[in-house]
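The values are calculated or read from the model by the stated rules, or taken from the named source; none is laboratory data. Quick caveat: nothing in here was measured; it's all calculated off a predicted structure. Reconstructed Cβ throughout: ideal geometry from the backbone, glycine too, with neighbour counts over all protein chains shown.
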Amino acid sequence: MIVVIGGGLTGLRASLTIQESGQQVQLIEGNSNIGGRVSSQEIDGFTIDRGFQVINPGYRELQRLHIRTHFHPIPAGAAAMVGGQWRFFGDPRREIRTIVEALPSIASNPLPFFSLLRAVLFARIDEGESAATFLQRIGINGEIYDAIVEPFLRGVFLIELTQVDARFARRVLRSLYRQVPGLPDGGVQALSQELRNRLKSIHCGELVHEVTRSGKGFSVRTESSTISARKVIVAADYSSALKFSDHLPSIHHARSTAWYFTLEHPLHMQHQLHVASLNSGPIVTAIDLAAVVPSYSPDGRGLLSVTTLDTCDESAVRSQLAEMYGEAITGDLITVFDIDNALPILAPGASRSGILEEDGLIFAGDYLTEPSQNGALLSGRLAGESAINN
Ligand SMILES: Cc1cc2nc3c(=O)[nH]c(=O)nc-3n(C[C@H](O)[C@H](O)[C@H](O)COP(=O)(O)OP(=O)(O)OC[C@H]3O[C@@H](n4cnc5c(N)ncnc54)[C@H](O)[C@@H]3O)c2cc1C
């Protein structure tokens, strides 16, 4: 028997890999729900994800899984306020109006824009280069950098681009270039649920307290039982995994706060992700999720999801929203939650081992690959393969 601790994407993927090999596996998740950071709940009939995130079906690890869940696409790009007007920026292959609506300089002469796009995807990246240095070195600077590129990517990485590894940033941009991300009915949890439904054995609502060596294997103690295991995979998030090891590398995390408001009437460019200008307040992004996935709302009202990076109060968020949209957002605050360890930071030049093995215990998670669903799935698969083969 192989025990997997943690039912986020890492643990789900590790368990599936082991099950597919024909070996016995038991997944134990501390929460009553599976999914970890890819989970959702219902509040007042609204679908509320655990922080705004999108799923990119173009991720290689998702493609390996042949996911059947349908994702409602989010238009390939984002809207930003430039010179007092909302403008849409995006992938011109998919969103032709990008050329028309973007900066007048791009509209009149799109060729430099395309060569920049090519540079983003293919130009050389120097060792240890940050996403900020790389983008500015290849010529993405000035208005387009300040108004759209940096705020959009800060919304993705939840941290300033000077602190993000350029190669990782490129992998994310390439995945967005390959395929448009989206969201499923039922919230991001639908993805975790699809993986969960493929598994035969899973225990939710049961925290693992201790793992000790026992003969050639391990003894895994939960709240209600003790299980013997040949191998154990710790697929818990970084701060929980620290409980099982004194030797994990030190990894800092980006934090964010997720705010959800009802919307009484549609916003301008209501289907787009809206990015806030740099230094204009605590908000990084806002989006009406019900405009993208109508089933997120029980009654046709909009569902405004707002992400802030620093802790702040509701009045600061409402006042910035009023500035962004030129009118007060009068809807109710449905819920707000702080996500302290949202994303492990992959600093410029940092490298990750994928999994870590210590005294026969296998550690896996996005903090050992890269901070994304793809990173979590990859680490989970590698951990599963290692447990099967050793
Ligand atoms: C706000 C936000 C936005 C994001 N946006 C994106 C995005 O747009 N695109 C993208 O690709 N990625 C995004 N991500 C990142 C992605 O969600 C994560 O990288 C991924 O979900 C991590 O999965 P995991 O399984 O490694 O960890 P987790 O999801 O944290 O799972 C760990 C699990 O272990 C369980 N656990 C912990 N300790 C124990 C224990 N002792 N016993 C039993 N169970 C335990 C926890 O309850 C949890 O369920 C975002 C994340 C956040 C928070």
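What tally of residues in the range 27-50 results from selecting those that are part of a strand (DSSP E or B) and either more than 19 Å from residue 298 (Cβ to Cβ) or of a type in the set (Phe, Trp, Tyr) (or both)?
Result for the range 27-50: 4.
Exactly one of these conditions fails for residue 328: (1) touching a Lys or Arg at 6+ places or on another chain (Cβ under 9 Å); (2) of a type outside the set (D, E, K, R); (3) within 16 Å of the ligand (Cβ to nearest atom); (4) within 22 Å of residue 266 (Cβ to Cβ). Give me its number.
Among (1) touching a Lys or Arg at 6+ places or on another chain (Cβ under 9 Å); (2) of a type outside the set (D, E, K, R); (3) within 16 Å of the ligand (Cβ to nearest atom); (4) within 22 Å of residue 266 (Cβ to Cβ), residue 328 violates only (3).
Scan the range 126-149 residue by residue and report those that are crowded, with 19+ Cβ neighbours inside 10 Å and in contact with a strand residue (DSSP E or B) (Cβ under 9 Å, 6 or more places away or on another chain).
Hits for the range 126-149 are 130, 131, 144, 147, 148, 149.
Which residue is surrounded by the fewest Cβ atoms within 10 Å (Cβ to Cβ), if the candidates are limited to the range 369-390 and must be over 17 Å from residue 36 (Cβ atoms) and in contact (Cβ under 8 Å) with a residue 40 or more places away in the chain?
The selected residue is 390.
Starting from residues that are out of contact with any Asp or Glu (no Cβ under 7 Å at 6 or more places or on another chain) and at positive phi, keep the ones in the range 29-44 and report whichever is nearest to the ligand (Cβ to nearest atom).
35
If you scan the range 289-340, which residues turn out to be within 25 Å of the chain's Cα centre (by Cα), part of a loop (DSSP other than H, G, I, E, B) and among the β-branched types (Val, Ile, Thr)?
Answer for the range 289-340, where residues must be within 25 Å of the chain's Cα centre (by Cα), part of a loop (DSSP other than H, G, I, E, B) and among the β-branched types (Val, Ile, Thr): 293, 311.
Condition check: among the aliphatic types (A, V, I, L, M), more than 28 Å from residue 252 (Cα to Cα), modelled with pLDDT under 90 and out of contact with any Cys (no Cβ under 7 Å at 6 or more places or on another chain). Does residue 120 satisfy that?
no
Those residues that are free of Cβ contacts under 8 Å to residues at least 40 places away in the same chain and assigned to a strand (DSSP E or B), I need them from the range 200-216; list them, please.
209, 210, 212, 214
Looking at (1) crowded, with 17+ Cβ neighbours inside 10 Å; (2) within 22 Å of residue 312 (Cα to Cα); (3) more than 17 Å from the chain's Cα centre (by Cα), which is the one condition that is false for residue 269?
Of everything listed in (1) crowded, with 17+ Cβ neighbours inside 10 Å; (2) within 22 Å of residue 312 (Cα to Cα); (3) more than 17 Å from the chain's Cα centre (by Cα), residue 269 misses just condition (2).
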